[in-house]
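For reference, the structure is listed below as structure tokens.
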């Protein structure tokens, strides 16, 4: 006789599960894509369920160095994460950028370092899709979009960051080849990637090249010790007479800085989404903790000063989400979106830090001592720096808006 | 091998709210493919992969059930059959009758798979009823299915034991969740699922309206689980013994 005791666990327990794809995402998609939102919701809901089961539980282990991201990242690629915004003719799904940015938010909630690795990978794919020749697109995009090859974006140098124009890495044309010399710093996916998008100076200005892993003259520094984003590899990439054939030049010589800027505008929307995802999980955890932790005989969620934090955290998350949805939609419309992307990035990255900080405060001593909570702050801390500092992006926003208002 | 899978578009048990009187709020609740039905679909796909053939998914449901059909098609099923009736407003016998008729119409099949019960009502009645109505052998609570030639060896997961049975094809099998780990469809599979054939059949076109004898679902109530909050005080050597004795008398320790 089969009794109620033998019911599968999922049928017996009614504990709330963390649904990283939420009703708020659905409502926003309904607003931004009213005619096809149900189709996009199906995709995001399935992807969110996959992340909840396969990635979210691994995240604390990834932070602790007890699990690698290669396996879950590969599984995510197989699900189609990177195919979302690219044309079908190159193996993409041809879906709106908003669907992709929303997917990255979910991934930021599940594991920020995998989200960072994917974001950088797809920035290279975006660069190829926008500026590469037809031959290059057909050669590289299908394997990048399905994750058969991982990509890395190498722009920042030991002595140049926001002022990328002062880069010291050079590319000299000799016969049918370019010889690249110099080094790039803080490079995500370095050592793991099969394809490197490299920016190097040529006589007419910075140019963009593709360097495959294993090319003689390409080497890597040791892994950099970081406070967060522990799962993604970050190191220096060194080029010593690293020779690539002429056909590895992307677009035109001297246009590299423009290409990098264009790619980074899109990447900033994605970084904003990623940070909303980080803030969301820190908020979810602290809300649950505030309900269960008691002080002076009642849950701390009953105290007004805790409630103030909860209100401000939630308001920040909602605003950040709206900003990146809006920036995505401006990008989709085909007009200049550099200001909107930067607004979303500046706001969401700073908001995320505030939310993670408030979460630590709500957790009190446990927040300061528990990796499980403060890792979100450590992950978020990178992104007011990477992909354009808050300072530089504020200048960009002001410059762009002043030009628009003339 | 031709495989049929009967699935249900059911209320999402994780999002079901309960009112203060303990009544589940079915109206307006989010719904999805019944949790264990995913195991049935997965098993069908594994059988298809091992023996080739095709998988047909069948359900009795409202237009909303198309979402569940689409999910099964995205997982890899080849076609769907939707009998357009609301399972919450017809009795279990009628649901089984309609499913059996739909299986007969879309068949013949070698294996008809169901899950052990739906994740909303969990009566577990439909699979054996479908077997009976089709005049086929029924094997319940399968945790492993091996098909060889014209028969199947099935491991049944029972309360305190595993029973192994052999049955000739065609047969009806209900599976338990431990049988497999359902796959996640990829985004491209989800996008392409809408292009797979999905047939809609009005119930009257299958069988004239009837009310076969069937247990009647009257309602359900959430059970409040009160904690006993027993506190043992004293030195650890004594309290540990008291705790073990108390757990033993509650019957929660192995004897």
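The values are calculated or read from the model by the stated rules, or taken from the named source; none is laboratory data. Since the structure is predicted, the reported quantities are computational estimates derived from the model, not experimental observations. Neighbour counts are summed over all protein chains in view; Cβ atoms, including those assigned to glycine, are modelled from backbone coordinates with ideal geometry.
For the structure I just gave you, tell me whether residue A:344 is buried (at least 22 other Cβ atoms within 10 Å of the Cβ) and assigned to a helix (DSSP H, G or I).
Numbers: buried (at least 22 other Cβ atoms within 10 Å of the Cβ): yes; assigned to a helix (DSSP H, G or I): yes.
When the stated conditions are applied, residue A:344 passes them.
Take residue B:153 and decide whether it is farther than 17 Å from residue B:214 by Cβ and under 17 Å from the mean Cα position of the chain (by Cα).
Values: farther than 17 Å from residue B:214 by Cβ: yes; under 17 Å from the mean Cα position of the chain (by Cα): no.
So residue B:153 does not fit the description; no.
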Worksheet item: Only one of (1) within 14 Å of another protein chain (Cβ to nearest Cβ); (2) at pLDDT 95 or above; (3) assigned to a helix (DSSP H, G or I) is not met by residue A:85, so which one is it?
Response: (3)
Discussion item. I'd like the full set of residues that are farther than 23 Å from residue A:126 by Cβ and in contact (Cβ under 8 Å) with a residue 60 or more places away in the chain, limited to segment A:206-238.
Written reply: A:226, A:227, A:228, A:230, A:236
Worksheet item: Of all residues in segment A:368-390, how many are part of a helix (DSSP H, G or I) and in contact (Cβ under 8 Å) with a residue 40 or more places away in the chain?
Response: 13
Worksheet item: Is there a residue being under 22 Å from residue B:30 (Cβ atoms) and away from chain A (no Cβ under 12 Å) anywhere in segment B:94-113?
Response: yes
Item to complete: Pick out the one residue from B:104, B:183 that is surrounded by fewer than 18 Cβ atoms within 10 Å (Cβ to Cβ), outside any loop (DSSP other than H, G, I, E, B) and in the same structural domain as residue B:11 (by TED's automatic domain parsing).
Response: B:104
Discussion item. Quick check on residue B:44: is it more than 14 Å from chain A (Cβ to nearest Cβ), in contact with a strand residue (DSSP E or B) (Cβ under 8 Å, 6 or more places away or on another chain) and modelled with pLDDT of 95 or more?
Written reply: yes
Discussion item. What pairs come out if I take residues in segment A:7-35 that are more than 14 Å from chain B (Cβ to nearest Cβ) and pair them with residues that are modelled with pLDDT under 50 whose C-beta lies under 6 Å away, six or more apart or interchain?
Written reply: none
Worksheet, complete the sentence: Restricting segment B:151-177 to residues that are farther than 18 Å from residue B:2 by Cβ and not in a strand (DSSP E or B), the one modelled with the lowest pLDDT turns out to be B:159
Item to complete: Write out, first by first residue and then by second, each pair whose Cβ atoms fall under 8 Å of each other, whose residues are 6+ apart or on separate chains, and whose first residue, in segment A:43-69, is more than 14 Å from chain B (Cβ to nearest Cβ) while the second is in a helix (DSSP H, G or I) and modelled with pLDDT under 95.
Response: A:60/A:371; A:60/A:372; A:63/A:371; A:64/A:371
Discussion item. Out of the residues in segment B:73-93 meeting the condition of being away from chain A (no Cβ under 14 Å), assigned to a loop (DSSP other than H, G, I, E, B) and modelled with pLDDT of 95 or more, tell me which one is farthest from the chain's Cα centre (by Cα).
Written reply: B:78
Worksheet item: Quick one: residue B:212 ticks every box in (1) crowded, with 17+ Cβ neighbours inside 10 Å; (2) in contact (Cβ under 8 Å) with a residue 24 or more places away in the chain; (3) in contact with a helix residue (DSSP H, G or I) (Cβ under 7 Å, 6 or more places away or on another chain) bar one, so which box is it?
Response: (1)
Discussion item. I want to confirm something. Restricting to segment B:186-201 and keeping residues that are assigned to a loop (DSSP other than H, G, I, E, B) and closer than 14 Å to residue B:66 by Cα, which single residue is nearest to the other protein chains (Cβ to nearest Cβ)?
Written reply: B:194
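Residue-wise test of (1) touching a residue at least 40 places away in the same chain (Cβ under 8 Å); (2) part of a loop (DSSP other than H, G, I, E, B); (3) surrounded by 21 or more Cβ atoms within 10 Å (Cβ to Cβ).
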| site | (1), (2), (3) |
| --- | --- |
| B:4 | yes, no, yes |
| B:22 | yes, yes, no |
| B:35 | yes, yes, yes |
| B:38 | yes, no, yes |
| B:43 | yes, no, yes |
| B:46 | yes, no, no |
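Specify which of the listed residues (A:141, A:93, A:150, A:107) is in contact (Cβ under 8 Å) with a residue 12 or more places away in the chain and under 23 Å from residue A:376 (Cβ atoms).
Numbers: A:141 fails: under 23 Å from residue A:376 (Cβ atoms); A:93 fails: under 23 Å from residue A:376 (Cβ atoms); A:150 fails: under 23 Å from residue A:376 (Cβ atoms).
Exactly one of A:141, A:93, A:150, A:107 is in contact (Cβ under 8 Å) with a residue 12 or more places away in the chain and under 23 Å from residue A:376 (Cβ atoms), namely A:107.
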